[in-house]
Amino acid sequence: MESIAALPPPADIARALADIVGTGACLADAPDMAPYVTDYRRLYRGSAACVVFPRSTQQVSEVMAWCHARRVPVVPQGGNTSLMGGAVPAANALAVVINLSRMNQVLEIDATNDTLTVQAGVTLNAARAAAEEAGRLFPLRIGSEGSCQIGGNLATNAGGTAVLRYGNMRDLVLGIEAVLPDGRVCSALRGLRKDNTGYDLKHLFVGSEGTLGIITAAVLKLYPLPTASATAFVAVRDPETAVQLLAEAKRIAGPAVTTFELVSQPALDLVRDYLDGAASPLPGRHDWMVLVELTGTEQPALDAALEQLLEAGIEHGWVADAAVAASLAQAQAFWRLREEISDAQTRTGGSIKCDVSVPLSRIGAFVRDASQAVLARAPQARMVIYGHMGDGNVHFNPLRPADQPAAEFMAAHLAPVSRLVDGMAHALGGSVSAEHGIGVAKRDDLPAYKSEVELALMRQIKQALDPHGLLNPGKLLA
């Protein structure tokens, strides 16, 4: 990439791009840009020539073409909820941030074809609401669904709490429209489940973290809307027995098993403090719990399956106690305890985010051995461990002691603990990023976990689509 000195002055960049998107849709003053150059956890702060808010794919194309011709780097941005620093520019960057929040239109709902076509700036909540209005379900569910956007969900291949049944975003998308680094538009907004006409190009952009193209619209899969559910908060002996309980749930309830979330006692304690003493579903304290939810259309069948599962769990000694939601409000209260774990950590500060996945058969060994290794280094750390047990995704997040400043804890432990935990997951055949992506946080460590051939192929794809390295520079690949 050309040097910063060769680029146009920031004021010239802002004026030119304001002519494309409109004066009111281009921010160039530092105070106005601050929320868009600072990440969700306030760990990464960058700089930009301007932040633009296009309303259409055509405007994105024109902005990208202008920047490409002058070698101006561009950072695509959705809801800016990345936990890996992937959606903000670098501190010394003269970049343009393209924020897609104004591209927030639901373009089409085809209930017969079970598809939903949306612009990339539609929030996950809005996409789910649009599907429900048509009597359908868009099943992606994550804690930031009120602010995260579909484009970002696709760019990071988001997962969440229903992957066990429905898969992650790669499984939930049929077609994508994306603007390439040179401004060309790759439009494949087809709602087809079978299209065997060569390379499936949409998968280049899913999980690419905005380094290959800017996703501007997508066709998403819809499903029948469940009309019944059975939810329980269950105390289990340890993660090993949780895995056994999951296997039993699959045997008894089959595809009705939608959610199976692991929660450690320190994670629950943190949320209860954050929510001003919200009630625990279970009396006493339990080292490990799972949130189980079955969904379908026949309430009596789901209730019977959940009862059978809990009875089997007690009989085998896997289950110590359980609370079954007796109403929708109670089920929502259970869910809130699980969904607020991430935000509680962010507000507390000093959380080391290890987002790993391991084969289900090795979850127990991983949690046990990684916990021992971390506590040997940081004996007072609070082990906030939770995650999507059904797909092997463990959010293993050592948290600072309550009496230690966050900055002090992170300075002493962030890098060594992250590498320790990631290395243990990798040694068990796992991944160091299950759903959060690589961004900046794990970029420099990626070569330790990817083969030379894999990295070479990734770089060749990047070179083919973005030879000047303009899109989201410094992210994913070093």
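What follows is calculated from the coordinates using simple rules that are stated; it is not laboratory data. Nothing here was measured: the structure is a model prediction, and the numbers come from that model. Counting neighbours? That spans all protein chains shown, and the Cβs are built from the backbone with ideal geometry, glycine included.
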What is the distance in Å between the Cα centres of region 219-235 and region 394-456?
31
For the pair residue 308 and residue 377, how long in nm is the line joining their label points, each one 7 Å along Cα→Cβ?
4.6
Over region 349-438, volume per residue of the alpha carbon convex hull, in Å³:
84
Sorted on mean Cβ neighbours within 10 Å (highest first), peptides 154-167, 247-260 come out as 154-167, 247-260
So what's region 63-195 giving for Cα Rg divided by 2.2 N^0.38 Å, two decimals?
1.11
So what are the ³J(HN,Hα) numbers for region 168-175, from phi and the Karplus equation (6.51, -1.76, 1.60; θ = phi - 60°), rounded to whole Hz, Gly and Pro as x?
8, 4, 4, 7, 9, 10, 10, x
Under 5 Å, built H, 5+ apart or other chain: amide partners of residue 220:
116, 117, 118, 174
Sorted by chain and number, the residues with a modelled amide H under 5 Å from that of residue 148, at a separation of 5 or more or across chains, are 124
With Rg from the Cα atoms and Rh as the Kirkwood inverse mean 1/r over Cα pairs, region 116-250 has an Rg/Rh of 1.04
Enter the angle in degrees (range 0 to 90, nearest 10) between the Cα long axis of helix 452-465 and the first principal axis of the Cα atoms of the chain, meaning the one along which they spread out most.
40
FRET efficiency estimate (nearest 0.05) - Cβ-Cβ, residue 38 to residue 276, R0 25 angstrom:
0.35
Neighbours of residue 357 by Cβ distance under 12 Å: Lys/Arg at +1, Asp/Glu at -1, summed charge -3
Could you give me the ³J(HN,Hα) list for region 358-371, computed from phi with Karplus coefficients 6.51, -1.76, 1.60 and θ = phi - 60°, whole Hz, x at Gly and Pro?
9, x, 3, 5, 10, 4, x, 5, 5, 4, 5, 6, 5, 4
Quick query: amide H of residue 320 versus all other amide H atoms, modeled in the peptide plane; which residues come in under 5 Å with a sequence gap of 5 or more or a different chain?
235, 236, 237
Taking a spot 7 Å from the Cα of residue 360 along the direction of its beta carbon, which residues of region 280-314 have an amide N less than 11 Å from it?
none
Averaged over every viewing direction, what's the projected area of the C-alpha convex hull for the chain? Give it in nm², one decimal, please.
22.7
Using 1/(1 + (r/R0)^6) with R0 = 30 angstrom and r between the beta carbons of residue 321 and residue 407, what's the FRET efficiency to the nearest 0.05?
0.20
Estimated 222 nm signal from helices in the chain, with DSSP H stretches of n ≥ 4 weighted -39500 (n - 2.57), rounded to 500
-10500 deg cm²/dmol
To the nearest 10 degrees, how steep is helix 406-427 against the longest Cα principal axis of the chain, on a 0 to 90 scale?
80
How far apart, in nm, are two points set 7 Å out from the Cα along the Cα-to-Cβ line at residue 170 and at residue 107?
2.3
Between residue 456 and residue 125, what is the FRET efficiency for a Förster distance of 51 Å, r being their Cβ-Cβ separation, to the nearest 0.05?
0.80
If one computes P(r) from the Cα atoms of region 228-341, what percent of pairs lie at distances over 18 Å?
45
Taking the chain as the reference, fit the longest principal axis to its C-alpha atoms, fit the long axis of helix 10-21 to the helix C-alpha atoms, and give the angle between the two in degrees, 0 to 90, nearest 10.
80
In nm, the gap between the two label points placed 7 Å beyond Cα toward Cβ at residue 247 and residue 23 is 6.8
Calculate the length of the line joining the C-alpha centroid of region 168-189 to that of region 52-86, in whole Å.
15
Calculated SAXS-style log₁₀ I(q)/I(0) at q = 0.13, 0.23, 0.27 Å⁻¹ - region 307-349, Debye, Cα scatterers
-0.46, -0.81, -0.88
Taking the Cα centre of the chain as origin, work out the dipole magnitude from +1 charges on Lys and Arg Cβ and -1 charges on Asp and Glu Cβ, in debye rounded to 20.
900
Under Karplus coefficients 6.51, -1.76 and 1.60, residue-wise ³J(HN,Hα) of region 186-191 in Hz, glycine/proline x
9, 10, 9, 8, 10, x
By the Kirkwood definition, with r running over pairs of different Cα atoms, region 412-470 has a hydrodynamic radius in Å of 12.9
Between region 31-50 and region 128-151, how many Å separate their Cα centres?
26
Starting from 0.36 nm per residue, how many nanometres of slack lie between residue 427 and residue 448 once their C-alpha separation is accounted for?
6.4 nm
Cα-only Rg/Rh for region 9-59 with Kirkwood Rh rounds to 1.01
Order the peptides 89-95, 69-75 from the highest to the lowest mean number of other Cβ atoms within 10 Å of their residues.
69-75, 89-95
Count the lysine pairs in the chain that are 8 or more places apart or on different chains: how many have C-alpha atoms under 17 angstrom apart?
10
